[in-house]
Structures are given as structure tokens and as C-alpha cells.
């Protein structure tokens, strides 16, 4: 492909010689990108996540043109978008539900990685960048939820920013700095708006690096065996472009059903009440996609046995600090997964024991989400603490042990061998 | 085949997890109060607001609710989208006084409302509203059906849920007992009673009728885009289904040579 020689169109040829962008695109998503031929539909979610990111950026920029980041006007400006701006309701509902869709797609994408061992060598950096993208998404979504300046915006922001006060010595100053004052107020809203506008571009940059790292070794695949040669591969275009197009259609139907027929189902009614610092909602809950982490945060009470152990009987840190650290650790630990998991076999298909623990782990995450949405009282506290314990036990103890103890089933020679065998 | 099956199971599990998590969102503190599920004309993919109910509901709001509750996000001109003529809107708006100004002398003045004005509020500010309501603030009604768990069902239940307090219930001075209000103590006295309004269209004004009409009106006030949204939604979904069908056919064709 030197000097753009393969292109016939003279304009394309001229550009390609000076800026090899056509071959770049071809190698990224075109016929020049060889891909394992056995990818199943779980591999659709990466491209879907990229598309949702673009949808979020485009709708977000349009919303920002009509939004006013001021405590006195923010709520009313959002309602103006809903009522007086042409198709403002559509843009806002797409953006609002798009945030949930982004998390659904990314969570499926991540669980796919866990199930098929996509994080293992040589894709460790690819996986770590993915976790960084999740962290950036969480920060972006959290700050975006504050912007409409409803009751949940305000009180969610108050609760979450207050977490940083648990940090020893500098906690209080840190929170004052985050707020830009002595409570969540106008400077906080302005700051969050500025950062909410910035972060998606940071995510975009991370996604670029994520794809860069992906292209080094290409996609993992359902049997987790490395590509052995051209017989195992098909070009990305047209095979996966058309498969992704079909997947996009299915996804958009799901997405648009929410936008048009249940636009507020995933939200909270309290956020249609304007923020009022003098009235605390009876039950402050974050958006659904934060609930598992919220459950981990709240699991750390003074009598939680895990807290008692890690704080040496309460001596080392407060339960609040332990909860904050655990919440962040629950995500940071994922970055260490390539080293926690010693098994050389990637796919769960050949790891009968890991496979069962995978499903238990998934169920545990769902359970944590359920508990996160419940008030911290009665049996919910205990269930939340047990589910939290299991979350960490799975990552820190079970995964390393399985790498040593589990006897994997025989792995096929190659993708072609596996495919021809199962096809007959 | 096994690939597809296990991937579908994974997909279903994550999706189901999301639904379970969302469904677990408990919106109110204290013991959950069961709100009766009612049928509304605007529910479902083809739902629309009944125009006569909207007109009656506006009348209820204007004659009853607006004594205490504002409707700040709705403009008189918005009534055009539910079938009011320009002349009707002008006449309706002109009944209300709004503050405007400053004039050339620098003074504020009042004038009759115009279609471009938002619904006039009963009180100048929150403090005035509290002062006139024994310390309680009557909330703005513009988003009421979106801002309460249970939505229109809750609103209707609340309006018709006034009862005698059960024996032993400690009801504070000036408060009313309501079966559906969280905590059951509500500062708003029962606002609706038989023949509380005399409907312009002659519909008998039962408590049930009034509550259902004003709920319809407030549901429209909260979601004035609802009918347009649902109409557009049908087109979008049909388009996407056709698009996805073609994409699937194309996928089948292109993949037919892969083994």
C-alpha cells in the first residue's frame, strides 16, 4: 500500500500519498483489518459503546447551547429545552437515556471480557484502558446528573462530594475545593458543567488508545485461542461492519423504546423538583448504574466484620473512609485482573469451575445493585455486606486460586479446528 | 451454536439485572403505600389526552387549584396545542393580572396577562405563599405528574384519598389525613368536593370526575410533548425495524460464505 498506489481515484491517490488516511481507515475498520471469524454477538458491544459515545457528545453539545449553568436558571433552562426548544425534548431524552444505554452497553462489554478472558496477556493494557474509560464515564455521568439541578442532582452531589471528607488530614479542605465554597452551590454547578463538557473528549481520547491497543493483537474470540493464520480470520469489512450494523439496529430499537415510550423510567421523580438545600429527600439514591458501587460504599458500617479486620478493630480508619476506599478499590482491582488470574486458558468454555463462579459473580453484582437501591436498614444491610464480601473474595481469592487449582478442559488447536468440529 | 446460546444467556442476565436494579429503586421512605393503578387515555403507544377532559381540567385548575398553586412553566399560548383558539387564549389570559415594568417613570405596574405570559402565580413569592398557608408551601404544579412516584395515579389517589384518620392517629392541628400522602399528614385540606366546579360543558361534577379531569390537565402540563413524542416514536420504531430487517438480510447474505 506504499505511496497510495492501490487507489485508483486520482484525488484519493493524491491525498493518500501525503496523508495515508484511507489506508489508516482501511486498517482500522475496513477490509485491511483481519478479525477472528468466530466472534459471537457479544463482540458487538464495543462498537455500540463507541456509537453511543458519539451520540452523547452530539446531543450534549446541542443541549449545552440552550442550557444555563446557574443555580437560579439551570432547572428552568432544562424545562425550556423540554417545552420551547424545537425537538428539545427529543434531544434531552436521547441524552438522558443515552447515559443509561452507555452503561448497559459497557457493562455487557466488560462482562464479556470477564467471561472470555479478554483481559489476559497480551491484552492487559487494552483492558486497563477500558477500566479507565469506565472511571471517566462514571465521573462524567455523575457530573451530568447534577446539571438539571433537581433535588436528586443537588443531594446526590452533596452526598458524593462529601465522601472525600473521609480522607484523613486534607479531607475537609479537599471538599471545600471541590465545591468552590462551603456547600454545593453555584461554583460547584459551574465547575461540573465545565468538566462535564470536557470529560467526553477525554473519554474519546482514551477510546482512541483503547482501539490502538486492540489493533496490536486484534480481538479475542469465544474460544480464546490465538489466531493461527489467515484461515482463522475474515476482514472486518464487510463481515463485521454489516454485523455491527445489524446489532446497531437492534440496539437502537431498544434505546428508542425508552426515549419515546418510557423516557423517565430509568430516572428518579425527585429530579423533577427543583433543588432545595433546605429540604432533604427522604431517600437519596444515585442513578441505577452506580447502585452496585453505592451498596459497597454503604456496606462499611462499624460492625461490618470486614471493616473490623481491615481497620484492625477500628483503629486504622473510620468506617466511612473504609467504604470510600472499598468503592474505589472495587473498580481499581479490575485493573489488576490480568495478574490476579493466573490461568493460561482465556475462555470460560474450557474453564468449568471459573464459569460457575463467573455467573455467581454476575449475580452478586446484580444483587449489589438491588441492595444499593434499597434503604440501608434491616436485612438489606446484612445482605449488602455479604454481597460486598463476595465481590472482593471473588477477585482477590477465588480467581487466583482457580488459576492454580482448576483443571481446564482441552483447548482446540485453532479457531478453524473448533469451528469445523462444531459445524458438523 | 453454543456460542450464540451462551452469549444470549449472558446478554439476558445483564439486561435482567439492569431491570431488577431499576425496579428496586424505592422512591419513598417509610412503609410503601399501594397506589391504585388507573387507566389513562394518554397511556400506551398511541395515547392522547382527551380534549374535553383537558378543558374541564383547566377549569378546575383555574377555579380551585390556582388559589394556592402556581403553574409557572406553562404559558397561556401553550393552550393552543390542545385546541384552544387564539381568541379563546386571549380572553382566558386577560382574566389574570401580571406584574410588568418598569415603565417610563421606573415604576412596576400590573396589566392583564397576554398569551405569551406564563400562568400567573397566586403569590408573589414563596414566603407570601407560606404566610397565607399556615407555614406550608403549596408546590408548583407544572411537573407534578413527573415529580411524584406513581405519577398521575398518585395524583388522582391523593386528590380522592382524604379520609377520617384511623383511631389513635395523632393528627396535628390544621392538618388533614390522606390515605396516599407519605406519612398521611397533609397540609392541604381536601380541595375537591361534589359540585365544587360547575362545568362549562355540563358534565356532572362528581369528586371522581373533577379529580380525573384535573389530573389529565396536569399530566398535559407536565408533558406537553407527549402526543408528538408518541406519534414520532411510532415512525422511528417502524423505520428501525425495517432498517434492522434489511441489515439482517444483508448480514446473512454477506456471511453465507463463512464457515
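The values are calculated or read from the model by the stated rules, or taken from the named source; none is laboratory data. Because the structure is predicted, anything quoted here is derived from the model rather than measured. Cβ coordinates were reconstructed from backbone atoms using ideal geometry, including for glycine residues, and neighbour counts include every protein chain displayed.
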Among the numbered conditions (1) at the interface with another protein chain (Cβ under 7 Å from one of its Cβ atoms); (2) surrounded by 20 or more Cβ atoms within 10 Å (Cβ to Cβ); (3) not in a loop (DSSP other than H, G, I, E, B), tell me where residue A:253 comes up short. (2)
Out of all the residues in the range A:285-292, is one or more under 24 Å from residue A:143 (Cα atoms), in contact with a helix residue (DSSP H, G or I) (Cβ under 7 Å, 6 or more places away or on another chain), in a loop (DSSP other than H, G, I, E, B) and within 14 Å of another protein chain (Cβ to nearest Cβ)? yes
Conditions (1) assigned to a helix (DSSP H, G or I); (2) over 22 Å from the mean Cα position of the chain (by Cα); (3) modelled with pLDDT of 95 or more -> residue A:387 fails only (2)
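Residue by residue, here is whether (1) at the interface with chain B (Cβ under 9 Å from one of its Cβ atoms); (2) assigned to a helix (DSSP H, G or I); (3) at pLDDT 95 or above; (4) buried (at least 19 other Cβ atoms within 10 Å of the Cβ) holds:
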| site | (1), (2), (3), (4) |
| --- | --- |
| A:48 | no, yes, yes, yes |
| A:53 | no, yes, yes, yes |
| A:72 | no, no, yes, no |
| A:76 | yes, yes, yes, no |
| A:90 | yes, yes, yes, yes |
| A:102 | no, yes, yes, yes |
| A:106 | no, yes, yes, yes |
Would you check if residue B:78 is touching a residue at least 40 places away in the same chain (Cβ under 8 Å), within 14 Å of another protein chain (Cβ to nearest Cβ) and not in a loop (DSSP other than H, G, I, E, B)? yes
Flag if residue A:392 is in contact with a helix residue (DSSP H, G or I) (Cβ under 6 Å, 6 or more places away or on another chain), away from chain B (no Cβ under 14 Å) and in a helix (DSSP H, G or I): no
Does at least one position in the range B:195-208 carry a residue that is surrounded by fewer than 19 Cβ atoms within 10 Å (Cβ to Cβ), out of contact with any helix residue (DSSP H, G or I) (no Cβ under 9 Å at 6 or more places or on another chain) and over 29 Å from residue B:48 (Cβ atoms)? no
Regarding residue A:80, is this residue part of a helix (DSSP H, G or I), within 10 Å of another protein chain (Cβ to nearest Cβ) and surrounded by fewer than 19 Cβ atoms within 10 Å (Cβ to Cβ)? yes
Can residue B:253 be described as more than 8 Å from chain A (Cβ to nearest Cβ), without any contact (Cβ under 8 Å) to a residue 60 or more places away in the chain, loosely packed, with under 15 Cβ neighbours inside 10 Å and out of contact with any helix residue (DSSP H, G or I) (no Cβ under 9 Å at 6 or more places or on another chain)? no
Count of the range A:212-230 residues which are within 18 Å of the chain's Cα centre (by Cα) and surrounded by fewer than 16 Cβ atoms within 10 Å (Cβ to Cβ): 0
Tell me the helices (runs of 4 or more DSSP H) entirely within the range A:125-217 that contain at least 1 residues that are touching a residue at least 40 places away in the same chain (Cβ under 8 Å) and within 23 Å of residue A:55 (Cα to Cα). A:151-162, A:186-217
Looking at the range A:363-383, which of its residues are within 19 Å of residue A:287 (Cα to Cα) and in a helix (DSSP H, G or I)? A:364, A:365, A:366, A:367, A:368, A:369, A:370, A:371, A:372, A:380
